[in-house]
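Okay, so here's the structure we're looking at.
The values are calculated or read from the model by the stated rules, or taken from the named source; none is laboratory data. Worth saying up front: this structure is predicted, and the values here are computed from it rather than measured. Cβ sites come from the backbone with ideal geometry, for glycine too, and all protein chains shown count toward neighbours. For accessibility, only protein heavy atoms count, side chains too; no ligands or nucleic acids. Shrake-Rupley method; radii C 1.70, N 1.55, O 1.52, S 1.80 Å.
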Amino acid sequence: METPIRYGLIGCGGFGRFCLSQYQRIGGLECAGVADADHALAQKTADEHRVKAWNTPEEMLSSEMVDLVHLATPPYTHGGLGLSALHAGKHVLIEKPLATTMDTAQALVAAADATGRILAVNLMMRYNPLCAAVKRLIEREPLGEPLHAHFVNDAKDEYLPPEHWFWDRDRSGGIFVEHGVHFFDLFEWWFGPGRVAAAQQLLRPGTSIVDQVNCTAIYRGSIFVNFYHGFHQADRRDHQEWLIVFENGTLRMREWVPTSVELDFVGTDETAEATSNLFPGASLRTVERYEGSKTQFPSRHRQRKADARFMLTTTPIPKPELYGNIVRSLMEDQVEAIRRPGHVRLVSDANGVSSLACALEAQRLATLQAAG
């Protein structure tokens, strides 16, 4: 039987505690204890989960009880704590973003290489089975080539008072960096490397708070993707929408962690079957059938054939169940890489660097645009 990998959690906020409860379900992984800048919170978390509470994060990093450190702390702490953990011989999983500057991100990667430790960023979207099915749809092209996409994030700010670190770019990195890296990473996984072509930001009237950002990226030289993030809604109004338009169909999803997929497309019966096979358990219905000359039609200066218009819908996955599965899958992937050095991870430090580079470029262009 393999020796358990012992991990320590630094950062006992809501997400850190959620991850802790999920990781306790992973075989071969044991929580050695927790730490937080707020020791009372660390002790409360430790008591709830019956683990050790270190007095400070630094005390945890010096402990031989810990093999892997999970940093669920604000972005401005990632560089210092991450480097300390790596130099102490720990593997490190960092919440997104990897860092708030490219220099710090590259220093973290260099430290991981020098110490032979695993470094990863919690870019969990790749582990959503629906996102994986969308990737297969894009790669196999049963609906033709993707043409454009957008992600609209009308996010809640109900729990982000004006003094919260989220609004301080020096501490959070800004919305593109603190939050947008998830989506830069996912669309790169779907479409391949892209570039940010334009970006904008808006201040909340009467304040210095940037609460809306927007950017356009171009992938493959032929796919426009627009990202909008606005933090201005009450919790009950938090809402996200996804859209990908293909030559012969449109894909829609909702929520920032999508729980279901809807596809509206035209094609042959064989195309419909191949598409349905990419989404096991999905419901496929025929909206309209075509006969005779109507089965032939042109678009993009190409002749096409379709037997019908179809609608495919997947059964919504309960969000708590899906979210927990995604969080565990990412950690299990990193644990496998620690145990077996040849294992190829779905998310690695390279993805953290790449997504951060896109976010920083979007932020740079938005700042320039705002300055006029």
Taking the range 315-355 on its own, how many of its residues are over 30 Å from ALA110 (Cα atoms) and open to solvent by 20 Å² or more (accessible area, probe 1.4 Å)?
-> 9
Subset of the range 288-307 [touching a helix residue (DSSP H, G or I) at 6+ places or on another chain (Cβ under 8 Å) and of a type in the set (D, E, K, R)] | LYS305, ASP307
Collect the residues in the range 258-276 that are within 25 Å of the chain's Cα centre (by Cα) and either modelled with pLDDT under 95 or open to solvent by 40 Å² or more (accessible area, probe 1.4 Å) (or both), keeping them in residue-number order.
-> GLU262
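For every residue, the table says whether it meets (1) farther than 19 Å from VAL134 by Cβ; (2) out of contact with any helix residue (DSSP H, G or I) (no Cβ under 7 Å at 6 or more places or on another chain); (3) not in a strand (DSSP E or B).
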| site | (1), (2), (3) |
| --- | --- |
| LEU186 | no, no, yes |
| THR207 | yes, yes, yes |
| ASN226 | no, yes, no |
| ARG236 | yes, yes, yes |
Only one of (1) part of a strand (DSSP E or B); (2) under 21 Å from GLY173 (Cα atoms); (3) in contact (Cβ under 8 Å) with a residue 40 or more places away in the chain is not met by ALA197, so which one is it?
-> (3)
Any residue in the range 347-369 that's modelled with pLDDT of 95 or more and of a type in the set (A, V, I, L, M, F, W, C): show its pairings with residues that are in a helix (DSSP H, G or I) and surrounded by fewer than 24 Cβ atoms within 10 Å (Cβ to Cβ) at Cβ separation under 6 Å, as long as the two are six or more apart or on different chains.
-> VAL347/ARG126
Out of all the residues in the range 143-166, which are in a loop (DSSP other than H, G, I, E, B), within 21 Å of the chain's Cα centre (by Cα) and among the aliphatic types (A, V, I, L, M)?
-> LEU160
Looking at the range 279-295, is at least one residue among the aromatic types (Phe, Trp, Tyr) and touching a strand residue (DSSP E or B) at 6+ places or on another chain (Cβ under 8 Å)?
-> yes
Sort out which residues of the range 11-41 are under 19 Å from TYR76 (Cα atoms), hydrophobic (A, V, I, L, M, F, W, C) and surrounded by 19 or more Cβ atoms within 10 Å (Cβ to Cβ), and write them in order of number.
-> CYS12, ALA35
